[in-house]
1. For residues that are open to solvent by 80 Å² or more (accessible area, probe 1.4 Å) and at pLDDT 90 or above, scanning just the stretch 26-37, find the one that is farthest from Leu101 (Cα to Cα).
2. Out of the residues in the stretch 10-58 that are within 24 Å of Ala71 (Cβ to Cβ), in a strand (DSSP E or B) and free of Cβ contacts under 8 Å to residues at least 12 places away in the same chain, which is farthest from the chain's Cα centre (by Cα)?
3. Does His41 satisfy being at pLDDT below 90 and touching a Ser or Thr at 6+ places or on another chain (Cβ under 8 Å)?
4. Given the residues Thr86, Thr98, which is the only one that is open to solvent by 80 Å² or more (accessible area, probe 1.4 Å) and among the β-branched types (Val, Ile, Thr)?
5. Can you work out which of the residues in the stretch 59-75 that are in a loop (DSSP other than H, G, I, E, B) and charged (D, E, K, R) is nearest to the chain's Cα centre (by Cα)?
6. Return the residues of the stretch 87-110 that are in contact (Cβ under 8 Å) with a residue 24 or more places away in the chain and among the aliphatic types (A, V, I, L, M); say none if nothing qualifies.
7. Scan the stretch 44-68 residue by residue and report those that are open to solvent by 100 Å² or more (accessible area, probe 1.4 Å) and touching a Ser or Thr at 6+ places or on another chain (Cβ under 6 Å).
Amino acid sequence: MGVDTGAKAAVKKPAAHPNTWVFFEGDFARYNDVKLGLMTHALHYGTAVFEGIRAYWNDKKGQLYLLAPAAHYERMKRSANVMRMTLPHSTEELVNFTLELLRRPPITSE
């Protein structure tokens, strides 16, 4: 039995993600160039770790402030350890990768 909802016009195309810089498999890449397989284990079984790294822009000083990045990455490393994962980078390297991402200019052309 089919259901005709007449809602063809209501189907919206999802918003495109900005083609920003990301750090993926040890290198900097454009978001649209990174591909994750549909069979990625973390997508199906939740075998991933997450930690929010925060930064705040100060208009008066014209500067971006990274909020306790080392503490966030240490917490992420502990979470990875619980999942029996070992991160291939030191906390200092992770902080430096983050700073590099934040310093990269926006990608303006497709």
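1. Within the stretch 26-37, the subset open to solvent by 80 Å² or more (accessible area, probe 1.4 Å) is 27, 31, 33, 35-36.
Now narrow it down to the ones that are at pLDDT 90 or above: 27, 31, 33, 35.
Values: Asp27: 11, Tyr31: 12, Asp33: 16, Lys35: 19 Å.
Checked the stretch 26-37; the qualifying residue farthest from Leu101 (Cα to Cα) is Lys35.
2. Asn58
3. Values: at pLDDT below 90: yes; touching a Ser or Thr at 6+ places or on another chain (Cβ under 8 Å): yes.
Answer is yes for this residue.
4. Working: Thr98 fails: open to solvent by 80 Å² or more (accessible area, probe 1.4 Å).
Going through Thr86, Thr98 in turn, just one is open to solvent by 80 Å² or more (accessible area, probe 1.4 Å) and among the β-branched types (Val, Ile, Thr): Thr86.
5. Per the stated criteria, the residue is Asp59.
6. Within the stretch 87-110, Leu94, Val95, Leu99, Leu101, Leu102, Ile107 meet the criteria.
7. The answer is none; no residue qualifies.
The values are calculated or read from the model by the stated rules, or taken from the named source; none is laboratory data. Small disclaimer: the values here were computed from a predicted structure and weren't measured. Don't worry about glycine lacking a Cβ; one is built from the backbone with ideal geometry, like all the others, and counts go over all protein chains shown. Note: areas computed on protein heavy atoms with side chains; ligands, DNA, RNA excluded. Shrake-Rupley method; radii C 1.70, N 1.55, O 1.52, S 1.80 Å.
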